[in-house]
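The values are calculated or read from the model by the stated rules, or taken from the named source; none is laboratory data. Values in this document were obtained by computation on a predicted structure and should not be read as measured data. Don't worry about glycine lacking a Cβ; one is built from the backbone with ideal geometry, like all the others, and counts go over all protein chains shown. When the accessible area is computed, the model is the full protein with side chains, heavy atoms only, and any ligands, DNA or RNA have been set aside. Shrake-Rupley method; radii C 1.70, N 1.55, O 1.52, S 1.80 Å.
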Amino acid sequence: MDIAKYVGLFLLKNEYCFLPGIGSLQIEKTPSVYDKDAQKMTAPAYEVKYRQAGGSIDDSFANFIANNERISIAHAANHLKDFCARTRIDLREGREVAIPGIGKFTGGANEAIHFATDPHLQIEGK
């Protein structure tokens, strides 16, 4: 089961995805700004922000996976927990973990986790 694929799908649908033990990804909107020199407004932009601190733990992501895979929520939650544990191990060992179409996680000093957004990602507002 490709949990990384579901992270991206859930994030784009809900604008938020919490990964236990890793942190949360959230889509945030930066407002449009008036450029005096060019005398025009820039469009609002959307970007993916990563926070390593805790987040909202609920079953909505596991439920999303369960519905798409046609498995129980408990089974999906176990796959999610295993994915997060493997991700932390991979990051500690210096490997990157890709979230297809969204970006990638990389490890840092003192078990810090960083997220780099895919430069080709373009998010439209709802």
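Some notes on this structure:
- For the range 54-97, the set of GluC sites (Glu not before Pro) satisfying both a DSSP loop assignment and a count of at most 15 other C-beta atoms within 10 Å is given as 93, 96.
- Summary value for the range 18-72: 37 percent relative contact order, contacts being C-alpha pairs under 8 angstrom separated by 6+ residues.
- Loop-located trypsin sites (Lys or Arg not before Pro) across the range 1-77 with a Cβ neighbour count of 16 or fewer within 10 Å are 36, 70, with loop assigned by DSSP.
- Fluctuation leader among 109, 38, 85 - the chain, Gaussian network, Cα springs under 10 angstrom: 38
- Residues of type lysines that residue 13 reaches as a straight line, Cα spacing below 17 Å, ignoring anything fewer than 8 places off in the same chain: 5, 29, 49, 126
- For semi-axes √(5λ) of the Cα gyration tensor in Å, computed directly from the structure shown, the correct entry in (1) 19, 16, 15; (2) 29, 19, 12; (3) 53, 16, 10 is (2).
- Of 12, 121, 19, the order by accessible heavy-atom surface (1.4 Å probe, DNA, RNA and ligands excluded), from most exposed downward, is 12, 121, 19.
- Length-normalised contact order for the chain - Cα pairs under 8 Å, 6+ apart - percent: 23 percent
- Approximate spin-label separation residue 118-residue 43, in nm, with each point projected 7 Å along Cα-to-Cβ: 1.9 nm
- Screening the chain for whole DSSP H helices with an alpha carbon extent of at least 20 angstrom along the helix axis and a mean Kyte-Doolittle hydropathy of at least -1.0 yields 73-92.
- Spatial separation of Cα centroids for the range 45-104 and the range 1-18, in angstrom: 7 Å
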